[in-house]
1. Find the residue count for the stretch A:11-42, including only residues that are small (Gly, Ala, Ser) and assigned to a helix (DSSP H, G or I).
2. Hey, among B:222, B:189, which residue is buried (at least 18 other Cβ atoms within 10 Å of the Cβ), at the interface with chain A (Cβ under 9 Å from one of its Cβ atoms) and at pLDDT 95 or above?
3. Within the stretch A:51-66, is even one residue within 14 Å of chain B (Cβ to nearest Cβ), outside any helix (DSSP H, G or I) and over 28 Å from residue B:291 (Cα atoms)?
4. Any residue in the stretch B:21-41 that is in a helix (DSSP H, G or I), among the charged types (D, E, K, R) and without any contact (Cβ under 8 Å) to a residue 24 or more places away in the chain?
5. Would you check if there is a residue in the stretch B:59-71 being assigned to a helix (DSSP H, G or I) and open to solvent by less than 10 Å² (accessible area, probe 1.4 Å)?
6. As an exercise: evaluate residue A:99 against (1) more than 9 Å from chain B (Cβ to nearest Cβ); (2) of a type in the set (D, E, K, R); (3) open to solvent by 50 Å² or more (accessible area, probe 1.4 Å) and give the number of the one condition it does not meet.
7. Only one of (1) crowded, with 19+ Cβ neighbours inside 10 Å; (2) in contact (Cβ under 8 Å) with a residue 60 or more places away in the chain is not met by residue B:87, so which one is it?
Amino acid sequence: MGLLAGLEQSAFLVWIREGGSLFGYPSILFTHTLGLGAVAGLSTVVALRMLGLTDAAPRALLRLFPAIWIAFAATALSGAILLLADASAKLANPVFTVKLTSIALAIAGVRRMRGRLMADTGVPAAGRDRLLALAVVLLWIAATTAGRLMAYLGPAGGPGRAS
Amino acid sequence: MTPHLHLVLNHAPALGLAAALCLMALSWSRRSEALRRAGLELCCVAALVTLPVYLSGVGADVRLSGGPEVSRALAARHHDAALPALVAMMLTGGCAWLALWRSKQAGRLSHGPITALAAAGTLVLLARTATRGGAIRHPEIAAAGLGADADPAVAAWLSAGALADAVTMNAWVWPAAETLHFVGLWVLFGVVLAANGRLLGVLTAVPFGALHRLLPWAALAFGLNVATGMLFVIGAPAQYVGNASFAWKIAALMVAGAQLLYLTSFDGPWATAAHRPAPPGARVAAAAGIAAWVGVMYFGRMLPFLEL
């Protein structure tokens, strides 16, 4: 905790939190939103295929995954900066734990979806594949809900509060 | 958004719908699928344009009503008529969009009356809205009592005042609407990113038609975000109507919405088969579409920060 408190007061993170520059907190927040849009959105496209709602060849959709991983990296990096800028409040917020758990499970699900696409044998979507797809979408909804509710529930914190 | 912008734009939805109905009538008499398609596309454009009309009206209300020249009561009556008209317009646009989407999937455009009936009903609500709006600044309309008809039951719960109260008095409404808005954001962005990405050369093994099948999810998410967005504006109008970042968001939304219509109804994207490049026009449109949706998200995210 001492390390995190120290980091929170580092020049860079103080500038992010209090600097008032558009390239600071607002841009990090936008990167986080854009990344979330791409990760959850593109993995939902894959999920819709696994639910049988489009007939795109499953292996052809593998080309989406580099974009999903790049977007996840941007979301994770911006999320880490947002966390470190306000670590003491966010880490004390139980809703944040729900958010991180949902994201971890969703990413595990996305990796599993990729494995199912690679193993595709041309047989129509099996029941287990549909459940996996549905689970991934529901986990992204859970992560989004927890992310939004962090601004309203838990200890008051830095600039992310209920905007 | 200035009150003057509202006066400039406010005839567009009604005139657009009237023209669309004329095109659809002509298409029946001439048995022309092209005319019907144009009529349906015009319905979608009219629905899209209704958003800045409504929002500029909210801006005019915040700026002027209660002042010496604009009666707050007359402005409220106009707003209470505008909201059901907006809802009806969105549903009409949705019916038209669905007909256009199905025409590509099924290979033919249906000649059913649903969109035309919805458009006719919406025109009635728009006329009622316009009459009440006219009463605000035309003394001859107000004197004739034309803007003072009794409220039918449908308007009572769908009035701006009732919705604003629902938002401000129930603490769960705003966070729930925000959550739904974000979920709608990524469903919409994922589908349009994949569809536009195909036109730009990613996923070349996938025929555009397979991604076209996913567009209803984007349309549903669009509708969800319009509905939740309206709750935000009605619940806290002052946060949005004086904010130039919000104006840029709506401008970007117009481009993005038009591009979604392009993906749905035009031949360029539809004809992009597996392993074939998209036509140059489609690639330009795809880049513009992605840029527009990024713009919608950027200006939306920047609302609390960007003072333009």
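The values are calculated or read from the model by the stated rules, or taken from the named source; none is laboratory data. The shown structure was predicted, so the numbers you read here are calculated from the model rather than taken from an experiment. Glycine also receives a Cβ, built like all others from the backbone with ideal geometry; neighbour counts cover every protein chain displayed. Calculation scope for accessible area: heavy atoms of the full protein, side chains included, ligands and nucleic acids excluded. Shrake-Rupley method; radii C 1.70, N 1.55, O 1.52, S 1.80 Å.
1. 7
2. B:189
3. For the stretch A:51-66, residues within 14 Å of chain B (Cβ to nearest Cβ), outside any helix (DSSP H, G or I) and over 28 Å from residue B:291 (Cα atoms): present.
4. There is at least one residue in the stretch B:21-41 that is in a helix (DSSP H, G or I), among the charged types (D, E, K, R) and without any contact (Cβ under 8 Å) to a residue 24 or more places away in the chain.
5. The answer is yes, given that some residue of the stretch B:59-71 is assigned to a helix (DSSP H, G or I) and open to solvent by less than 10 Å² (accessible area, probe 1.4 Å).
6. Of the numbered conditions (1) more than 9 Å from chain B (Cβ to nearest Cβ); (2) of a type in the set (D, E, K, R); (3) open to solvent by 50 Å² or more (accessible area, probe 1.4 Å), the odd one out for residue A:99 is (3).
7. The number of the failed condition is (1).
Per-residue answers, yes or no, for (1) of a type outside the set (A, V, I, L, M); (2) assigned to a helix (DSSP H, G or I); (3) over 19 Å from the mean Cα position of the chain (by Cα); (4) at pLDDT 95 or above:
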{"position": "A:76", "(1), (2), (3), (4)": "no, yes, no, yes"}
{"position": "A:95", "(1), (2), (3), (4)": "no, yes, no, no"}
{"position": "A:104", "(1), (2), (3), (4)": "no, yes, no, yes"}
{"position": "A:111", "(1), (2), (3), (4)": "yes, yes, no, yes"}
{"position": "A:125", "(1), (2), (3), (4)": "no, no, yes, no"}
{"position": "A:160", "(1), (2), (3), (4)": "yes, no, no, no"}
